[in-house]
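The values are calculated or read from the model by the stated rules, or taken from the named source; none is laboratory data. Given the structure is predicted, the values throughout are model-derived calculations rather than measurements. Positions of Cβ are generated from backbone atoms using ideal geometry, with glycine treated the same way; all protein chains shown enter the neighbour counts.
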Amino acid sequence: MSVNAQTRFPVIPIYSGSGSFFNEPSICINPKNTSQIVAGSVINDYYYSGNGGLNWTHGTLSSPWGVWGDPCVIVDTSGSWYYFHLSYPGYPGWWIDRIICQKSTDAGHTWSSGSYMGLNTSPHRQDKPWAAVNRANNHIYSTWTEFDDYNVSIPTDSSRILFSKSTDGGLTWSSPKRICRKAGDCLDNDNTVEGAVPAVGPQGQIYVAWAGPLGLMFNRSLDEGTTWVDTNIFVSLIPSGWDYSISGIDRSNGLPVTCCDVSNGPYRGNIYVNWSDQRNGLTDTDVWFKRSSDGGNTWSALKRVNDDLPGKQQFFTWMCVDQVTGYIYIVFYDRRNYTDDNTDVYLAVSKDAGSTFENIRISDAPFLPSSSVFFGDYTNISAHNNVVRPIWTSLVGSGPKTINTVLIDSLYTSSITWTGSASTDWNNPWNWMPRAVPTSNQDVIIPQVLPNRYPVVTVDGLSCRNITINANASATIPASRNFEIKGDLIIRNLATFTNNGTLVLRGNLINQNGN
């Protein structure tokens with residue numbers, strides 16, 4: 001499997017297809033078994049992996065009420081998976097007349113015919129669902145937007161945020177409850193209320209933010225959705241609105257994502273909201289973040305997530321929290337490296353509750369999209385105990401779209417070990433365990449391996465902290481290459497280190513065999 005030298009991590013194409021479909025992907029790691037991952041994409045596709053995302057199997061979803069995109073995949077503590085999506089039934093139903101939930105008890109291999117929520121009278125439409133699991137009792141909470149009718153400008157028609165829950169594993173759903181005080185219009189734009197993504201707190205609180213005519217608004221329930229705050233809480237203005245344009249993209253938006261830290265770390269209970277907007281200009285879309293440490297009553301100052309210079313486009317953001325470490329992961333498309341519409345995928349990581357973010361490019365090559373092809377409305381990401389799986393769509397012109405993930409197995413591990421599984425290339429993530437090219441804050445261990453294949457530095461600018469080369473192993477810096485060791489270089493007895501290039505050694509040379 002080839003990996004472009006421009007990425008630290010292995011990029012895995014999950015599936016490719018042409019036309020309007022194969023976008024808006026959703027992904028979920030099973031916290032009880034991180035080898036099990038399930039994903040979905042528009043319009044009726046699902047994918048499952050039993051080896052941590054290295055290999056995938058594709059299937060097509062069906063239900064008695066149709067399948068019409070907006071996938072959301074979640075898993076409960078029993079290992080049951082839930083796939084939420086829109087409907088398109090035949091008569092007497094109508095397009096997106098309900099929200100459907102289908103269940104899998106075999107890690108995404110097969111799916112039930114499903115259940116539904118939100119069915120109202122015609123022409124009401126149900127759109128943009130998302131869901132979360134209360135891991136204390138496996139109750140499922142779902143929020144979405146209801147339109148009186150879709151894409152109409154009649155003043156008496158409106159949109160609203162609805163909530164429903166299931167206490168029996170998705171078999172039945174409670175009657176929808178309206179949780180937004182201020183309604184929106186039905187034009188599916190800035191003045192429509194959308195982007196409701198529920199999050200569950202440490203004591204089972206339900207938190208959700210959304211975008212609409214008042215900006216970003218927030219509500220909460222402390223009794224599993226029975227009651228909600230009467231006066232919605234203001235989070236932030238969206239000066240440009242949530243519906244905006246990006247060159248080369250059919251349509252785009254900056255709808256929010258809500259998460260809560262339920263880890264046992266120092267930031268337990270914090271609520272986070274992430275979105276994007278064009279407050280800095282039509283060609284300077286940025287990714288934003290706010291935090292609440294008091295249940296949503298008050299919110300932190302605005303934090304810009306992307307750390308590039310002003311004037312570039314970052315869009316289609318999604319956020320998750322690793323509920324073991326408390327780290328925040330945000331994935332988004334990024335054009336900081338180009339003067340045209342070429343697009344990378346970046347991951348922003350915070351270990352301090354969003355006070356600071358490290359930006360890392362995770363795509364292996366840029367892609368150049370075309371506005372003539374529907375690209376979808378969002379990316380997604382899932383993380384558990386340092387296993388991180390973003391998911392996104394790539395598109396080259398009007399060609400096939402590809403659903404991709406990247407294997408990030410331990411971003412901040414203190415040491416990394418050479419395996420030589422793929423080649424002798426130091427810069428190939430498949431040659432390391434965990435599968436990532438070492439960074440300047442990581443120790444490198446090079447043991448004896450079979451086959452007899454040892455690292456050769458292939459690009460300039462690489463570094464690590466300490467290097468230990470064990471007996472019968474070797475490492476090489478070829479002529480014209482440079483490498484920096486921030487700490488010590490330890491060469492064990494019977495080990496070999498060859499430097500024909502330029503080595504900057506900040507620490508000590510500890511050579512136990514004199515080579």
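The conditions of being of a type in the set (Asp, Glu) and either surrounded by 23 or more Cβ atoms within 10 Å (Cβ to Cβ) or modelled with pLDDT under 95 (or both) are met by residue 277. Would you be able to tell me the number of residues in the range 450-469 that are surrounded by 18 or more Cβ atoms within 10 Å (Cβ to Cβ) and closer than 17 Å to residue 424 by Cβ? So the answer is 7. Is it the case that the range 198-208 has a residue that's surrounded by 23 or more Cβ atoms within 10 Å (Cβ to Cβ), in the same structural domain as residue 292 (by TED's automatic domain parsing) and farther than 24 Å from residue 73 by Cα? The answer is no; no qualifying residue exists. Taking each residue of the range 140-162 that is over 28 Å from residue 226 (Cα atoms) and looking for partners that are part of a loop (DSSP other than H, G, I, E, B) with beta-carbon atoms closer than 6 Å, six or more apart or interchain, yields 151/188.
This table checks each residue for (1) surrounded by fewer than 16 Cβ atoms within 10 Å (Cβ to Cβ); (2) within 28 Å of the chain's Cα centre (by Cα).
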residue: 412; (1), (2): yes, yes
residue: 481; (1), (2): no, no
residue: 499; (1), (2): no, no
residue: 504; (1), (2): yes, no
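In the range 35-86, counting only strands (runs of 3 or more DSSP E) that sit wholly within it, the ones holding 1 or more residues that are modelled with pLDDT of 95 or more and of a type in the set (Val, Ile, Thr) span 57-60, 72-75.
For the range 26-38, indicate whether the set of residues that are touching a Phe, Trp or Tyr at 6+ places or on another chain (Cβ under 6 Å) and either without any contact (Cβ under 8 Å) to a residue 60 or more places away in the chain or on the phi < 0 side of the Ramachandran plot (or both) is non-empty.
Yes, the range 26-38 has at least one match.
Selection over the range 394-444 of residues that are among the hydroxyl-bearing types (Ser, Thr, Tyr) and part of a strand (DSSP E or B) gives a count of 5.
Checked against the criterion of being assigned to a loop (DSSP other than H, G, I, E, B) and aromatic (Phe, Trp, Tyr), the range 378-391 contains one or more residues that satisfy it. Here residue 311 passes the criteria (1) in contact (Cβ under 8 Å) with a residue 60 or more places away in the chain; (2) part of a loop (DSSP other than H, G, I, E, B); (3) at positive phi except the one numbered (1).
Of all residues in the range 165-189, those that are surrounded by 17 or more Cβ atoms within 10 Å (Cβ to Cβ) have Cβ atoms under 6 Å from Cβ atoms of residues that are among the acidic types (Asp, Glu), 6 or more apart or on another chain, in 186/148; 186/149; 186/157.
Just checking, does the range 481-498 include any residue being out of contact with any helix residue (DSSP H, G or I) (no Cβ under 8 Å at 6 or more places or on another chain), touching a residue at least 60 places away in the same chain (Cβ under 8 Å) and either part of a loop (DSSP other than H, G, I, E, B) or closer than 27 Å to residue 385 by Cβ (or both)? No, the range 481-498 contains no residue that is out of contact with any helix residue (DSSP H, G or I) (no Cβ under 8 Å at 6 or more places or on another chain), touching a residue at least 60 places away in the same chain (Cβ under 8 Å) and either part of a loop (DSSP other than H, G, I, E, B) or closer than 27 Å to residue 385 by Cβ (or both). Note on the range 118-196: enclosed strands (runs of 3 or more DSSP E) holding 3 or more residues that are in the same structural domain as residue 256 (by TED's automatic domain parsing), among the β-branched types (Val, Ile, Thr) and under 30 Å from residue 276 (Cβ atoms) are 139-147. Does residue 214 qualify as being over 26 Å from the mean Cα position of the chain (by Cα) and either closer than 25 Å to residue 282 by Cβ or free of Cβ contacts under 8 Å to residues at least 60 places away in the same chain (or both)? When the stated conditions are applied, residue 214 passes them. Taking the numbered list (1) of a type in the set (Ser, Thr, Tyr); (2) more than 24 Å from residue 145 (Cβ to Cβ); (3) crowded, with 17+ Cβ neighbours inside 10 Å; (4) touching a strand residue (DSSP E or B) at 6+ places or on another chain (Cβ under 7 Å) in turn, residue 298 passes all entries but (3).
You will find that of 398, 372, the residue that is surrounded by fewer than 24 Cβ atoms within 10 Å (Cβ to Cβ), in the same structural domain as residue 274 (by TED's automatic domain parsing) and within 22 Å of residue 14 (Cα to Cα) is 398 and no other.
Kindly evaluate residue 19 against the criterion of being modelled with pLDDT under 95 and either buried (at least 22 other Cβ atoms within 10 Å of the Cβ) or assigned by TED's automatic domain parsing to the domain that holds residue 391 (or both). It is true that residue 19 is modelled with pLDDT under 95 and either buried (at least 22 other Cβ atoms within 10 Å of the Cβ) or assigned by TED's automatic domain parsing to the domain that holds residue 391 (or both).
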